[in-house]
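Engineer: I am attaching a structure below and will ask some questions about it afterwards.
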Amino acid sequence: MSRGGAGEALMFIDQVRVVLRAGRGGNGCVSFRREWGAPKGGPDGGRGGDGGSIFLKAEAGLSTLSYFRFHPINAARKGAHGEGSNRSGKKGEDLVLSVPVGTVVKQASTGETLFDFLQAGQKYLAVKGGKGGRGNATYATATHRAPREWQPGMPGEEKELILELKLIADVGLVGFPNVGKSTLISKISAARPVIADYPFTTLIPYLGVVDVGTDRSFIVADIPGLIEGAHLGLGLGTRFLKHIERTKMLVHIIDVSPYSGRDPVKDFRVVMGELDSYSPDLIKRPQILVANKVDLLTQDKKRLEAVKRLAARRKLPFFAISALKQKGLKELVGAMAKTLAALEETAE
């Protein structure tokens, strides 16, 4: 039996607490053969069936843990009791629960990571069904011909787990709210995030596949906007910072238009500080610095020049683009692909 498929993707849920209960084993049977011509037949009580186990399996088409929001307790079937004539009880049916690729399974009580789903098709035995009990036929010996002993079925395992989804993407787009990350991913991929002119328009991470030529592609994640104090829970808090952890490189988007009301250089430092506070490893990854909304610049190019100098000081690749007007996107995508290719060669 399999549950939790793609049809359950009702909303974006990236962390749930669940209780999984494996099935109890069936009891062994006490029985003696009583047939015509064999009035004093020997013991023939069969074993109980093993209880069903619960497996978690990564499905490629699934992008949320929403199934578990509505089904926090899942139980497998128990094994059937043994019967006479040495008939064993039927094994309880296993339960297979689908999770998205990128799901991390943790022990709720300790936070220990038990399994990490990195590829579709991976399967993890979360809780094991209980063993079926022995029937009295198994206790018969040459000196103990009429045993009445039997064994009850063993209880199945029960665990409280935390399932945490961390998106798997090659490139993470980071930056303050409304800097144009959603517009950029909508222009370079088939992803269609909600785009509007107010803070926190993007309330869930979006993934987009970017094609480079005919035989190469990579995945970009639009991470909802960060603000100062995000690692402490401000704004959208740490809810989406975890989705940056698996990315191989970061593309830092800065709004250089005169309408944001913020200092673009300070924006960069704030976001870098939040990444560093959450995980120092993040700021060590390859980065590209992007000045967006250059189509809104007037004669005053001070904001653009300030970001350009910042990139030079940090020795970061720099691109000035207009995601809305699709200006400079080809060069930016090429730089992403080149950086990822270099990382793959290094890994080899």
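The values are calculated or read from the model by the stated rules, or taken from the named source; none is laboratory data. On a predicted model such as this, the values are computed, not experimentally measured, just so you know. Cβ: placed from backbone, ideal geometry, glycine included. Neighbour counts: every protein chain shown.
Engineer: Is it the case that region 148-163 has a residue that's within 22 Å of Gly61 (Cβ to Cβ) and either modelled with pLDDT of 75 or more or surrounded by 15 or more Cβ atoms within 10 Å (Cβ to Cβ) (or both)?
Structural biologist: There is at least one residue in region 148-163 that is within 22 Å of Gly61 (Cβ to Cβ) and either modelled with pLDDT of 75 or more or surrounded by 15 or more Cβ atoms within 10 Å (Cβ to Cβ) (or both).
Engineer: Something else about it: Could we say that Glu305 is in a helix (DSSP H, G or I) and over 31 Å from the mean Cα position of the chain (by Cα) here?
Structural biologist: For Glu305, the condition - in a helix (DSSP H, G or I) and over 31 Å from the mean Cα position of the chain (by Cα) - is met.
Engineer: To continue, here is another question. Could you check how many residues of region 263-290 are buried (at least 19 other Cβ atoms within 10 Å of the Cβ) and more than 12 Å from Val174 (Cα to Cα)?
Structural biologist: Number satisfying all stated conditions: 2.
Engineer: Let me ask something else. The conditions are (1) at pLDDT 85 or above; (2) of a type outside the set (Ser, Thr, Tyr); (3) surrounded by fewer than 23 Cβ atoms within 10 Å (Cβ to Cβ); (4) under 28 Å from Tyr259 (Cα atoms), and Val174 fails exactly one of them. Which is it?
Structural biologist: (3)
Engineer: Condition check: outside any loop (DSSP other than H, G, I, E, B) and surrounded by fewer than 17 Cβ atoms within 10 Å (Cβ to Cβ). Does Lys325 satisfy that?
Structural biologist: No: the conditions fail for Lys325.
Engineer: Can you find a residue that is touching a residue at least 24 places away in the same chain (Cβ under 8 Å) and not aliphatic (A, V, I, L, M) anywhere in region 304-313?
Structural biologist: Among the residues of region 304-313, not one is touching a residue at least 24 places away in the same chain (Cβ under 8 Å) and not aliphatic (A, V, I, L, M), which makes the answer no.
Engineer: Starting from region 314-342, take each residue that is at positive phi and list its partners that are part of a helix (DSSP H, G or I), counting only C-beta distances under 7 angstrom and pairs at least six apart or across chains.
Structural biologist: Gln326/Lys187
Engineer: Name, by its number, the condition in (1) at pLDDT below 80; (2) touching a strand residue (DSSP E or B) at 6+ places or on another chain (Cβ under 8 Å); (3) buried (at least 19 other Cβ atoms within 10 Å of the Cβ) that does not hold for Ala230.
Structural biologist: In the conditions (1) at pLDDT below 80; (2) touching a strand residue (DSSP E or B) at 6+ places or on another chain (Cβ under 8 Å); (3) buried (at least 19 other Cβ atoms within 10 Å of the Cβ), Ala230 misses (2) alone.
Engineer: Here's something else I'd like to know. Residues in region 1-29 that are modelled with pLDDT of 95 or more, of a type in the set (A, V, I, L, M) and part of a loop (DSSP other than H, G, I, E, B): how many?
Structural biologist: Of the residues in region 1-29, 1 are modelled with pLDDT of 95 or more, of a type in the set (A, V, I, L, M) and part of a loop (DSSP other than H, G, I, E, B).
Engineer: Further question: Hey, His252 hits all of (1) part of a loop (DSSP other than H, G, I, E, B); (2) within 18 Å of Ala221 (Cα to Cα) but one; which does it fall short on?
Structural biologist: For His252, the exception is condition (1).
Engineer: Related question: What is the one condition in (1) surrounded by 17 or more Cβ atoms within 10 Å (Cβ to Cβ); (2) over 15 Å from Gly180 (Cα atoms) that Ser260 does not satisfy?
Structural biologist: (2)
Engineer: Mind listing whichever residues of region 255-297 are assigned to a loop (DSSP other than H, G, I, E, B) and within 21 Å of His243 (Cβ to Cβ)?
Structural biologist: Ser279, Pro280, Asp281, Arg285, Pro286
Engineer: Considering only region 186-210, state which residues are modelled with pLDDT of 80 or more and either farther than 12 Å from Met336 by Cβ or in contact with a helix residue (DSSP H, G or I) (Cβ under 8 Å, 6 or more places away or on another chain) (or both). Step through it out loud before you land on a result.
Structural biologist: From region 186-210, those modelled with pLDDT of 80 or more are 186-189, 207-210; that's our starting set.
Ser186, Lys187, Ile188, Leu207, Gly208, Val209, Val210, listed by residue number.
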